[in-house]
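These notes concern the structure reproduced below.
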């Protein structure tokens, strides 16, 4: 398996633009997580899906953020409109039923909003 | 939200020495996990220790867990330059949602 695949790896956009981040979890994993990482706030859980259903979106900062998981192999995180304070590294992670393996993280998307 | 607190925040040692990092947490847990993050990369799962376990080994890694003190330690023996990374502990209350610490930045000097 190629692991969790995120795209793009880097995104630079202007304030006010829409940004869409993409994630392909590991096949067979039934849980998917979107995280944001910054120096100031560390790792923050944004949203958690189980079997494609959003279970906990309490970490989504505000209505500008939305996430979808239309099927077991694809998820998107959208920011509209983007703001400079959204600049961060966004990680997608997935996990299966065997907790011994923990979470598998993607390589992240480094988002810069100017 | 962050439940775990790693200590120290940063650690610099000579190659070949042992590195010890500590993690404290606040609520009861089902298991505790350690992850490594190399600069610019995603986190990589290292080891999981369950609440009924006290010690676990994996290669050069040794993890201990003291549930009475709500603390864990990660020992890396015979450190190598490739061990340079940030190390995070994460606690799981059994609902698959990990709570993360702020991380320890480990630098191995050649």
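What follows draws every value from the coordinates through simple rules; no lab data is involved. All values derive from a computational prediction rather than experimental measurement. Here the Cβ positions follow ideal geometry from the backbone for every residue, glycine too, while neighbour counts run over all protein chains shown.
A few points about this structure:
- Checking each residue in region A:61-114 for being out of contact with any strand residue (DSSP E or B) (no Cβ under 8 Å at 6 or more places or on another chain), assigned to a loop (DSSP other than H, G, I, E, B) and away from every other protein chain (no Cβ under 14 Å) picks out A:62, A:63, A:72, A:81.
- Residue list for region B:31-89, filter: closer than 20 Å to residue A:95 by Cα, away from chain A (no Cβ under 11 Å) and surrounded by 20 or more Cβ atoms within 10 Å (Cβ to Cβ): B:87, B:89
- Residue match in region B:18-37 (condition: without any contact (Cβ under 8 Å) to a residue 24 or more places away in the chain, out of contact with any helix residue (DSSP H, G or I) (no Cβ under 8 Å at 6 or more places or on another chain) and under 15 Å from residue B:104 (Cα atoms)): no
- Out of B:58, B:12, B:68, one residue alone is more than 20 Å from residue A:97 (Cα to Cα) and in contact (Cβ under 8 Å) with a residue 60 or more places away in the chain. It is B:12.
- Residue A:58 being at the interface with chain B (Cβ under 10 Å from one of its Cβ atoms), under 28 Å from residue B:5 (Cα atoms) and surrounded by fewer than 14 Cβ atoms within 10 Å (Cβ to Cβ): yes
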